[in-house]
Structures are given as C-alpha cells and as structure tokens.
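Beneath this line is the structure, given in structure tokens, with notes to follow.
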Amino acid sequence: MQTVSQTLAGHRSIRAFTPATIPQAVIDEVLHEAITGTSSSGNLNSYAVVLTRDPQRRQRLYELHGEQDFILQAPLLMTFCADWYRVREWLRLRGARDNFGHLLGYHVAAFDAMLLSQSVSLAFEARGYGLCYLGTTLNAMPDISAFLELLDTCVPVTTMAVGVPAEDPSKRDRLPLAAYVHDERYQAPPKMNWPSCTGTARKVAGPGTWRPRRSRPSVTRAQSRRWRSFIPAPTSTIRMSSGRSRTDCWNS
C-alpha cells in the first residue's frame, strides 16, 4: 500500500475503468478507516454515504449526472450526503433545542461530508484504485435525493466513481504554491498572464465523454421543502434580483 505522500503525489482523476469489481471487504475497510480517521465538527459525524453498485440504478445516476460514460464503467458510485437526521432525532427524543436546521448547520454537515470523501479518496487510491469526483451532484440535488430516497435534512453534496483504472493519464498541473498560500494576511496576486501559468493547456476529458444537460432539473414544491429544512425562515423568503428565492438559486 502507498504512503500518504505517494498517494497525493500520484493523484489523478480517472475516467475509464475496467469491469473488475471492488471486493466488499475492501469497501468496508476503506470506509472504516475514513470514518474513524477523519475530523468531524463536534464529533457529530453529520454525513451519510450511499453506495450504488446495481447496474440499473447506476444507469439512472448516469442520466442524472449528465450521461458521463465512465459512470457506467465504474463498479461503484458513492454519494456523500450532508445528514443531520440522526442528530436532530436525538435532540427531538430528548426534548432538546434543535440548533442545526439552518444554513450554518447545512454548511457544517456539508463540510463533514466533503472531509470524509477526501479520506475515502486517499484510502482507495493508496490501494491502487482510481476515482473521479462528480461535481454534477450539485446540479441534480433534488432528483438524486428523490432517487436515493433521502430523508429530510439529508442532502447529496458530492459523488465519487470508483474502480480499477483502465487509463494512465498524466498528472494535472497546478499554479506555483505562492498563488494559493498567503502569509499572515491575504495578498492580491500580481497581474500576470494567468492562462500561461499552468504551462500546458488543460485537457478535461476526451471527446464524447461528457454532455451537458439539455435542461435544468425541475424543482417541485415538495423537493424545495427539503432544502428549506436547512434554512431559517427569514433567509428562505429573501428574494433576489432575478425574482427567484435564494433556495431556488441553489437548485438551478
């Protein structure tokens, strides 16, 4: 197994997978290591992970994620969710004040879920598996929530496709360290030709591997209530210049 330094140095997003499955023992081991080894706000562990391996169900997630071909190739899809259900149920049963049903609470849970996803990523890559994050999770939050039958106050924030790599892409370049790190206070970057700083053009994926959605996912009234369960009443009624509510803008 690779060290943490070796894993970070060798990270690449993989968008082609072999048909090989991932043993259940490996999945359990990775999740155990990630859950017990990842920091969590207040040790509340406000996340949930939904595993999808069934080919028919992966087909539906493939459609919801913009029909990216590698989703059908990957034997495992992992949907990481911001989830306050357990904590809020404990509070309700004990008659305690619920102080998590608002925007700050959503952020705490979402960050917990993202921290966990990165630990899972490192654990799989250290074992030689490849993966790719799916930012399209945010574009289809209501539809993914309905398909996975998520409870209220449980919201998908990212998805990961995992499998045995069938490609060996080059590592993506980054800007120099000074572009990201600031000493004591933020320093505005000097004017420079930003596109040339990466040295080479960034190739995102081969032709035909991703197609944007033809239309934005619709948000039903019932689905919209799910997001409002995270938001205090004053915030949910704020109207923006476009005429849509702040929560509507999240789901567009």
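The values are calculated or read from the model by the stated rules, or taken from the named source; none is laboratory data. These figures come from a predicted structure and were not determined experimentally. Here Cβ is always computed from backbone atoms with ideal geometry, including for glycine, and neighbour counts include all displayed protein chains.
Side notes on the structure shown:
- Options S39, S46: the member that is of a type outside the set (F, W, Y) and either without any contact (Cβ under 8 Å) to a residue 24 or more places away in the chain or surrounded by fewer than 19 Cβ atoms within 10 Å (Cβ to Cβ) (or both): S39
- Against the test of being assigned to a helix (DSSP H, G or I), modelled with pLDDT under 85 and surrounded by fewer than 20 Cβ atoms within 10 Å (Cβ to Cβ), the options L115, L104 yield a single qualifying residue, L104.
- Hits in the range 1-39 (condition: at pLDDT 90 or above, over 20 Å from the mean Cα position of the chain (by Cα) and among the small types (G, A, S)): S5, A20, A25
- Checking each residue in the range 30-47 for being of a type in the set (S, T, N, Q), in a helix (DSSP H, G or I) and at negative phi picks out T36, S41.
- For the range 135-170, the set of residues classified as crowded, with 23+ Cβ neighbours inside 10 Å and modelled with pLDDT of 95 or more consists of I144, P156, T159, A161, V162, G163, listed by residue number.
- Filter result for the condition that a residue is assigned to a loop (DSSP other than H, G, I, E, B), surrounded by 17 or more Cβ atoms within 10 Å (Cβ to Cβ) and aliphatic (A, V, I, L, M), over I22, I27: I22
- Residues that are aromatic (F, W, Y) and touching a helix residue (DSSP H, G or I) at 6+ places or on another chain (Cβ under 8 Å), drawn from the range 99-128: F100, F111, F124
- Residue count for the range 76-101 under the criterion of being outside any helix (DSSP H, G or I), surrounded by fewer than 20 Cβ atoms within 10 Å (Cβ to Cβ) and of a type in the set (S, T, Y): the result is 0.
- Positions within the range 101-140 being under 11 Å from the mean Cα position of the chain (by Cα), among the hydrophobic types (A, V, I, L, M, F, W, C) and farther than 20 Å from Q73 by Cα, in sequence order: A110, F111, A113, M114, L115, L116, L138
- The lone criterion from (1) in contact with a strand residue (DSSP E or B) (Cβ under 6 Å, 6 or more places away or on another chain); (2) without any contact (Cβ under 8 Å) to a residue 60 or more places away in the chain left unmet by D173 is number (1).
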